[in-house]
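*Asks:* What follows is a structure written as structure tokens; I'll ask about it next.
The values are calculated or read from the model by the stated rules, or taken from the named source; none is laboratory data. These numbers were taken from a predicted model, which means no experiment stands behind them. A quick note on method: Cβ atoms are made from the backbone with ideal geometry, for glycine too, and the neighbour counts reach across all protein chains shown.
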Amino acid sequence: MAAISRDDVAHLARLARIEMSTEELDHMAAELDVILGAVARVQEVSGGDVPPTSHPLPMTNIFREDVVKPSLTNEEALSGAPAKIEERFKVPQILGEAE
Amino acid sequence: MSSIRLSAEQMGAALAKGEITSVALTNQHFDRIAQVDTAVHAFLHLDKEGALAQAASVDAKRAAGEKLGPLAGVPLALKDVLTQKGIPTTCGSKMLEGWRPPYDSGVVTKLKSAGVVILGKTNMDEFAMGSSTENSAYGPTHNPWDLTRIPGGSGGGSSAALAAFEAPLAIGTDTGGSIRQPAAVTGTVGVKPTYGGVSRYGLVAFSSSLDQAGPCARTVLDTALLHEAIAGHDPRDSTSINSPVPQVVAAARRLDVKGMKIGVVKEISGAGFQAGVQTRFEESLQLLVEAGAEIVEVSCPNFEYALAAYYLIAPSEASSNLARFDSMRYGIRVGDDGNRGAEEVMNLTRQVGFGREVKRRIILGTYALSSGYYDAYYGSAQKVRTLIKRDFEAAFAKADVLVSPTAPTTAFKIGEKSDDPLAMYLNDIATIPVNMAGIGGMSLPCGLAPEDGLPVGFQIMSPVMQDDLMYRVGGTLEAALNSKWGHTLISQIPDLQVR
């Protein structure tokens with residue numbers, strides 16, 4: 001049985017905010033099934049009380065002094081915006097009728 | 001007389017002696033790029049104006065008698081995953097087409113202050129995901145040794161630029177081998193420094209716990225000079241190591257490995273490696289023995305799970321990191337017709353903006369992190385990461401450095417593996433463990449495989465913040481190989497058809 005179905009991929013694509021055509025979903029499901037079959041090998045040695053490693057080197061949070069420093073200007077911060085209005089990012093409707 | 005085939009160190013010396021100006025040297029490289037890059041396609045963007053301005057500024061400082069660093073006025077190719085203020089930065093993706101970052105990355109800040117001349121941005125697999133540059137939204141880069149073959153990836157543009165004499169220095173980034181594997185298949189040198197050794201500020205993140213920027217060049221010494229120019233603490237990167245930079249230039253010049261123990265990792269050589277790759281690897285071991293090193297065999301039994309763990313950890317982190325491409329603040333926006341909501345525009349933008357491999361990894365990572373699967377996949381992969389670190393600790397108790405072939409094969413044909421993700425992922429089998437443990441790794445050329453005449457890479461791995469050890473061994477091996485051949489490997493590259 002496949003580890004991952006087309007419907008599973010459609011759900012994941014929704015979570016990841018990626019529109020996918022039926023064809024893309026089919027293709028992705030078949031590929032992911034093979035990849036998941038291969039990567040599931042990690043479970044062979046992950047039993048017991050092995051602690052997880054999330055980061056290669058032991059580190060703790062580093063905080064900077066809370067002092068005001070020069071940063072990007074408003075114009076610089078908006079320089080890559082796909083749309084802007086009155087010195088702000090202009091975004092499509094977030095709430096309301098379009099939902 | 002063109003100087004493009006000199007090493008960066010020689011260029012620096014010629015500049016210091018006033019034998020050539022940086023403006024002239026920079027122009028020679030732009031001429032070379034104009035002649036060959038239609039065929040190689042190493043560059044995505046050239047910054048002729050900015051490069052020549054920097055060159056002129058270095059020339060003026062030199063004329064005024066200012067004391068300059070060894071790479072002042074020397075040209076460099078920058079991987080398109082690092083920001084440079086005002087210069088297009090695409091990460092090989094359609095998503096960032098036209099984006100000009102408003103700030104310099106930590107690496108670029110260091111390069112500029114070292115007087116390095118940045119020629120332009122190099123091609124790469126989209127968001128550094130791949131081993132061939134075939135995943136670039138802007139078309140593949142071609143290997144200068146054989147234009148029908150891949151130059152490695154993800155940093156194939158940087159490695160190809162070096163091999164084609166379009167630049168003597170380049171910057172790469174290495175998440176699972178993206179500096180070392182391209183170096184291996186193009187007959188160049190590439191180093192992934194210890195994690196945290198070089199700032200990640202302004203490096204567009206793929207997998208934050210694995211990503212590391214590093215130096216690439218045609219010789220070990222040039223790589224060391226560039227390493228020292230870009231390394232060091234950066235308070236803007238919270239994972240940057242705040243301790244002195246290892247003395248890699250002195251180590252590269254040392255040319256002595258007497259008494260060093262060199263560990264051959266049993267699990268990443270031999271079976272599964274191309275015969276000619278293995279042959280050249282073993283010949284190099286012999287040269288190191290003749291130079292006074294002792295070879296010991298070490299076993300890292302959990303390395304066989306490294307690839308599987310990597311293809312869970314890296315996509316998981318990527319699925320989170322790439323969430324920032326939401327079409328709201330930068331990058332392209334698709335389908336914003338005034339009627340669609342933000343989420344729909346986001347979905348459409350990400351459908352168009354991301355290529356197949358990137359989508360595959362985002363979906364895989366989303367799956368591995370989802371509740372119900374987290375422990376079985378991401379959690380298990382993190383445990384494997386611990387086991388790999390322990391394997392390295394045990395191995396470094398028996399040897400000063402560890403070695404292996406860098407990649408299992410020489411450069412394959414463009415298109416040969418592009419429909420088989422698993423076959424493609426196998427390219428990284430020998431390079432991935434280094435990233436998992438955060439240690440240093442180098443690839444340097446150790447000959448041409450007899451069966452296909454293509455370059456083979458020799459990998460050297462050194463413990464955390466002991467990057468100097470791999471330079472010491474690499475410098476010694478390079479000198480021994482050059483003396484055996486009577487020439488450098490890169491001097492044997494076939495002439496490119498000049499336009």
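*Asks:* Read through the list (1) in contact with a strand residue (DSSP E or B) (Cβ under 7 Å, 6 or more places away or on another chain); (2) at the interface with chain A (Cβ under 8 Å from one of its Cβ atoms); (3) polar (S, T, N, Q), then give the number of the only condition that B:S327 fails.
*Replies:* B:S327 satisfies every listed condition except (1).
*Asks:* Using beta carbons and a limit of 6 Å, which pairs, at least six apart or on different chains, have the first residue in region A:5-16 and closer than 12 Å to B:R360 by Cα and the second one of a type in the set (S, T, Y)?
*Replies:* Going by the 6 Å Cβ cut-off, the qualifying pairs are A:L12/B:T366; A:L12/B:Y367; A:A16/B:T366.
*Asks:* Still on this structure: Are any residues in region A:54-87 exposed (fewer than 11 other Cβ atoms within 10 Å of the Cβ), basic (K, R) and either at pLDDT 90 or above or part of a helix (DSSP H, G or I) (or both), and if so, which ones?
*Replies:* Across region A:54-87, the qualifying residue is only A:K69.
*Asks:* Could you pull out the residue among B:G196, B:G130 that is in contact (Cβ under 8 Å) with a residue 40 or more places away in the chain, over 25 Å from B:R350 (Cα atoms) and in a loop (DSSP other than H, G, I, E, B)?
*Replies:* Numbers: B:G130 fails: over 25 Å from B:R350 (Cα atoms).
Every option except B:G196 fails the conditions.
*Asks:* Looking only at region B:473-493, which residues are outside any helix (DSSP H, G or I) and not hydroxyl-bearing (S, T, Y)?
*Replies:* Narrowing region B:473-493 to residues outside any helix (DSSP H, G or I): B:486-489, B:493.
Hits for region B:473-493 are B:G486, B:H487, B:L489, B:I493.
*Asks:* Sort out which residues of region B:422-451 are modelled with pLDDT of 95 or more, surrounded by fewer than 22 Cβ atoms within 10 Å (Cβ to Cβ) and out of contact with any strand residue (DSSP E or B) (no Cβ under 9 Å at 6 or more places or on another chain), and write them in order of number.
*Replies:* Of everything in region B:422-451, those that are modelled with pLDDT of 95 or more, surrounded by fewer than 22 Cβ atoms within 10 Å (Cβ to Cβ) and out of contact with any strand residue (DSSP E or B) (no Cβ under 9 Å at 6 or more places or on another chain) turn out to be B:P450, B:E451.
*Asks:* Now for a separate question. Hey, does region B:298-308 have a residue that's surrounded by 18 or more Cβ atoms within 10 Å (Cβ to Cβ) and either touching a His at 6+ places or on another chain (Cβ under 7 Å) or farther than 20 Å from B:A395 by Cα (or both)? Can you show your working first?
*Replies:* Quick first cut of region B:298-308, residues surrounded by 18 or more Cβ atoms within 10 Å (Cβ to Cβ) only: B:298, B:300, B:302-303, B:305-308.
Now drop any that are not either touching a His at 6+ places or on another chain (Cβ under 7 Å) or farther than 20 Å from B:A395 by Cα (or both), which leaves B:308.
Yes: one or more hits.
*Asks:* Any residue at all in region B:54-74 that's closer than 22 Å to B:G353 by Cβ and modelled with pLDDT of 95 or more? It would help to see each step written out before you state the result.
*Replies:* Within region B:54-74, the subset closer than 22 Å to B:G353 by Cβ is none.
Looking through region B:54-74, none of the residues is closer than 22 Å to B:G353 by Cβ and modelled with pLDDT of 95 or more.
*Asks:* Looking at region B:338-350, is at least one residue hydrophobic (A, V, I, L, M, F, W, C) and either more than 7 Å from every other protein chain (Cβ to nearest Cβ) or within 23 Å of A:H55 (Cβ to Cβ) (or both)?
*Replies:* Within region B:338-350, the first condition is being hydrophobic (A, V, I, L, M, F, W, C), and the residues that meet it are B:342, B:345-346, B:348.
From what's left, either more than 7 Å from every other protein chain (Cβ to nearest Cβ) or within 23 Å of A:H55 (Cβ to Cβ) (or both): none.
Looking for residues that are hydrophobic (A, V, I, L, M, F, W, C) and either more than 7 Å from every other protein chain (Cβ to nearest Cβ) or within 23 Å of A:H55 (Cβ to Cβ) (or both), one finds none in region B:338-350, hence no.
*Asks:* Looking only at region B:378-395, filter to residues that are touching a helix residue (DSSP H, G or I) at 6+ places or on another chain (Cβ under 6 Å) and at the interface with chain A (Cβ under 7 Å from one of its Cβ atoms); which one of those is nearest to B:K261 (Cα to Cα)? Steps first, please.
*Replies:* Our first condition is that a residue be touching a helix residue (DSSP H, G or I) at 6+ places or on another chain (Cβ under 6 Å); within region B:378-395, this holds for B:378, B:380-381, B:384-385, B:387-389, B:391-392.
This time we only want the ones that are at the interface with chain A (Cβ under 7 Å from one of its Cβ atoms), so: B:380-381, B:384-385, B:387, B:389.
Values: B:S380: 33, B:A381: 31, B:V384: 27, B:R385: 25, B:L387: 23, B:K389: 20 Å.
The selected residue is B:K389.
*Asks:* Test of understanding: among B:Q54, B:Q35, which residue is surrounded by fewer than 18 Cβ atoms within 10 Å (Cβ to Cβ) and either acidic (D, E) or part of a helix (DSSP H, G or I) (or both)? It would help to see each step written out before you state the result.
*Replies:* On the way: B:Q54 fails: surrounded by fewer than 18 Cβ atoms within 10 Å (Cβ to Cβ).
Just a single option satisfies the conditions, and that option is B:Q35.
*Asks:* Only one of A:L57, A:L15 is farther than 30 Å from B:E97 by Cα and within 7 Å of chain B (Cβ to nearest Cβ). Can you tell me which?
*Replies:* Values: A:L15 fails: farther than 30 Å from B:E97 by Cα.
Checking each option against the conditions leaves just A:L57.
*Asks:* Ok, one more. Among the residues of region B:400-429, write down those that are part of a loop (DSSP other than H, G, I, E, B) and polar (S, T, N, Q). Step through it out loud before you land on a result.
*Replies:* The initial filter retains those residues of region B:400-429 that are part of a loop (DSSP other than H, G, I, E, B), namely B:400, B:406-412, B:414-420, B:429.
Residues satisfying the conditions are B:T406, B:T409, B:T410, B:S418.
Residues are listed down the side, and each one gets a yes or a no for (1) closer than 28 Å to B:V358 by Cα; (2) surrounded by fewer than 24 Cβ atoms within 10 Å (Cβ to Cβ):
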{"position": "B:G190", "(1), (2)": "yes, no"}
{"position": "B:Y201", "(1), (2)": "yes, yes"}
{"position": "B:A250", "(1), (2)": "no, yes"}
{"position": "B:Q274", "(1), (2)": "no, yes"}
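*Asks:* Considering each residue of region B:98-127, count those that are surrounded by fewer than 19 Cβ atoms within 10 Å (Cβ to Cβ), not aromatic (F, W, Y) and not in a helix (DSSP H, G or I), and give that number.
*Replies:* So the count comes out to 3.
*Asks:* Could you check, for region B:400-421, whether at least one of its residues is modelled with pLDDT under 95, buried (at least 18 other Cβ atoms within 10 Å of the Cβ) and either in contact with a Pro (Cβ under 8 Å, 6 or more places away or on another chain) or within 11 Å of chain A (Cβ to nearest Cβ) (or both)?
*Replies:* Taking every residue of region B:400-421 in turn, at least one turns out to be modelled with pLDDT under 95, buried (at least 18 other Cβ atoms within 10 Å of the Cβ) and either in contact with a Pro (Cβ under 8 Å, 6 or more places away or on another chain) or within 11 Å of chain A (Cβ to nearest Cβ) (or both).
*Asks:* Those residues that are outside any loop (DSSP other than H, G, I, E, B), closer than 30 Å to B:A423 by Cα and either touching a Ser or Thr at 6+ places or on another chain (Cβ under 9 Å) or at pLDDT below 95 (or both), I need them from region B:230-275; list them, please.
*Replies:* Listed by number, the residues that qualify are B:V264, B:V265, B:K266, B:E267, B:I268.
*Asks:* Let me spell it out: the conditions are (1) buried (at least 19 other Cβ atoms within 10 Å of the Cβ); (2) facing chain A (nearest Cβ under 10 Å), and B:R356 meets all of them except one. Which number is the exception?
*Replies:* That leaves (1) as the condition not met.
*Asks:* Next up: Would it be correct to say that A:R41 is of a type outside the set (A, V, I, L, M) and in a loop (DSSP other than H, G, I, E, B)?
*Replies:* So A:R41 fails the test.
*Asks:* If you don't mind, another one. Would you confirm, using the coordinates I've provided, whether B:G65 is over 27 Å from B:L25 (Cβ atoms), assigned to a loop (DSSP other than H, G, I, E, B) and either of a type outside the set (A, V, I, L, M, F, W, C) or within 13 Å of chain A (Cβ to nearest Cβ) (or both)?
*Replies:* Numbers: over 27 Å from B:L25 (Cβ atoms): no; assigned to a loop (DSSP other than H, G, I, E, B): yes; either of a type outside the set (A, V, I, L, M, F, W, C) or within 13 Å of chain A (Cβ to nearest Cβ) (or both): yes.
No.
*Asks:* Also, quick follow-up: For A:A30, which of the numbered conditions (1) free of Cβ contacts under 8 Å to residues at least 24 places away in the same chain; (2) within 9 Å of chain B (Cβ to nearest Cβ); (3) under 30 Å from B:P421 (Cβ atoms) fails to hold?
*Replies:* (2)
*Asks:* What about B:G335, is it touching a residue at least 40 places away in the same chain (Cβ under 8 Å), outside any helix (DSSP H, G or I) and either of a type in the set (F, W, Y) or touching a Leu at 6+ places or on another chain (Cβ under 6 Å) (or both)? I'd like the intermediate steps shown before the answer.
*Replies:* Values: touching a residue at least 40 places away in the same chain (Cβ under 8 Å): no; outside any helix (DSSP H, G or I): yes; either of a type in the set (F, W, Y) or touching a Leu at 6+ places or on another chain (Cβ under 6 Å) (or both): yes.
When the stated conditions are applied, B:G335 does not pass them.
*Asks:* While we're on this one: Please tell me if A:L25 is in a helix (DSSP H, G or I), more than 9 Å from chain B (Cβ to nearest Cβ) and within 28 Å of B:D419 (Cα to Cα). Step through it out loud before you land on a result.
*Replies:* On the way: in a helix (DSSP H, G or I): yes; more than 9 Å from chain B (Cβ to nearest Cβ): yes; within 28 Å of B:D419 (Cα to Cα): yes.
Yes: the conditions hold for A:L25.
*Asks:* Now, a different point. More than 9 Å from every other protein chain (Cβ to nearest Cβ), under 24 Å from the mean Cα position of the chain (by Cα) and in a loop (DSSP other than H, G, I, E, B): does that describe A:A3?
*Replies:* For A:A3, the condition - more than 9 Å from every other protein chain (Cβ to nearest Cβ), under 24 Å from the mean Cα position of the chain (by Cα) and in a loop (DSSP other than H, G, I, E, B) - is met.
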